[in-house]
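Scroll down for the structure; my scribbles are underneath it.
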Amino acid sequence: MTDAEGRIQRELELDPTGPVAAAPQASIPPPPARSLWARIVQVSAVPIAAVLLAFLVGSIFILVSTLFTSREFDLLLPFTAYSSLFFGAFGGVNPIVDTMVAAAPLILGGLALGLGFKAGLFNIGAQGQFLMGALGAAAVGASVAGLPAPIAIATAVLAGAAVGAVYGFIPGMLKAFTGAHEVVTTIMLNFIAAAIIAYLVAGPLGAEGFAFARTGPIGNAALPDVPGTRNLHLGVLLAVVAVPIVWWILARSTFGFEIRTVGANPNAARYAGMRPAVVTMTTMAASGLLAGLAGVVEILGVTGFINTSYGTSVGFDAISVALLGRAHPVGILFSAILFGAMRAGAPEMQLDAGIPVEIIDVLQGIILLFLAADILVRRLLRIRVARAGVDELQTVTRSYGEQTGR
């Protein structure tokens, strides 16, 4: 404090209503508020750059791969491939429907991972929770296949969501009460989920009359198509509606505030009267519910059954979706649509350009690599650092020794 400020403070203490108090006091002007558009650009700059750089590196892979094949070297081959990929995903009503159908489980899976990131949790077990939700929906859907459609659908959806929530609650409870890291426990639970499916489908839940072990037909429990469309089932709308719901929970509800506070600093949350252990268990259960719903959407809306070797990469792709979307529900929505478009357009790319669909996995891996190297991307493209709330990359790289206290 300067001498002038000290003199003013003493005069105010002696005469709170005197001329000093009445005189206008100098104040430091607040920093100018950034516009919403400026904040969006700053937050999304690295994800957009990661995608563009991934496609650039992918172009190099495509060109180099022609050197090891009999086809003629063509500098325009990447452009041909990406054009076919785009039109295969958005070049008409049916391609757009295929894109949204492929994106629906990724939206729910990405929301599951994003919710965990906000609480400082890396729920790598979304794959197992997806599988258990799919198993619950397939088993219950087959058992209520003959009931009226509204009852059958509601029962199967709730069953799958509940099974996913329970399977997510298990690592949350272990984290809260024993300090077991969620990455370790959820990885083990992924393998356990696959083993449970193999046992139950080959045994108690197996249906007769099929050439291979699988669950029975789901009948009226199948998700109907949106009126006026073909193959655009109601599960897509369920996934899209989940986005504003999760956003409201995180941004406007008391529980969302607790999630963000525990994720930022568990000790400060405990000092403020919160219970990090309860928040951890509840968040993991909610994350499992969303991942289970992703499995529900896939079974009731697309496949209609589950077999002993049912496999999918949705649970692991959801990690990339959540990271690319910066763990924000709206960002996750756009990221899932991007990944869904890549999956939906890959067959068209293979037919027109002769590029194997496996290039999509390469592109997704490169995107994840650039997201992990965000410091390099920022310096390369001179992007200003935007840190707000819990950093999802810090959650991923957090050491296993950190524990959430009770």
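Quick notes on this one:
- Residues located in region 225-255, provided they are farther than 24 Å from Ala269 by Cα, in contact with a Gly (Cβ under 8 Å, 6 or more places away or on another chain) and of a type in the set (A, V, I, L, M, F, W, C): Leu234, Val236
- Residue in region 274-287 that is in contact with a strand residue (DSSP E or B) (Cβ under 6 Å, 6 or more places away or on another chain), within 23 Å of Met132 (Cβ to Cβ) and either crowded, with 21+ Cβ neighbours inside 10 Å or of a type in the set (A, V, I, L, M) (or both) present: no
- Gln394, sole failed condition from (1) modelled with pLDDT under 80; (2) within 27 Å of Ala242 (Cβ to Cβ); (3) surrounded by 16 or more Cβ atoms within 10 Å (Cβ to Cβ): (3)
- All positions within region 344-356 that are at pLDDT 90 or above and either β-branched (Val, Ile, Thr) or crowded, with 22+ Cβ neighbours inside 10 Å (or both): Ala344, Gly345, Ala346, Met349
- Looking across region 198-253, the residues that are surrounded by fewer than 14 Cβ atoms within 10 Å (Cβ to Cβ), among the aromatic types (Phe, Trp, Tyr) and modelled with pLDDT of 90 or more come down to Tyr199, Trp248.
- Among the residues of region 173-190, those identified as part of a helix (DSSP H, G or I), more than 18 Å from the chain's Cα centre (by Cα) and touching a residue at least 12 places away in the same chain (Cβ under 8 Å) are Met173, Lys175, Ala176, Phe177, Val184, Thr185, Leu189.
- Elements of type helices (runs of 4 or more DSSP H) contained in region 311-377, each with 1 or more residues being closer than 21 Å to Ala134 by Cα: 314-324, 329-353
- Residue match in region 48-56 (condition: more than 30 Å from Ala193 (Cβ to Cβ), more than 23 Å from the chain's Cα centre (by Cα) and hydrophobic (A, V, I, L, M, F, W, C)): yes
- Of all the numbered requirements in (1) within 25 Å of Ala344 (Cα to Cα); (2) under 17 Å from the mean Cα position of the chain (by Cα), Phe122 misses one, and that requirement is (1).
- Within region 107-128, tally of residues that are assigned to a helix (DSSP H, G or I) and closer than 25 Å to Phe257 by Cα: 13
- In region 197-306, counting only helices (runs of 4 or more DSSP H) that sit wholly within it, the ones holding 1 or more residues that are without any contact (Cβ under 8 Å) to a residue 40 or more places away in the chain and under 22 Å from Leu108 (Cα atoms) span 234-252, 254-264.
The values are calculated or read from the model by the stated rules, or taken from the named source; none is laboratory data. Only a predicted model underlies this, so the values are computations on that prediction, with no experimental measurement involved. Cβ sites come from the backbone with ideal geometry, for glycine too, and all protein chains shown count toward neighbours.
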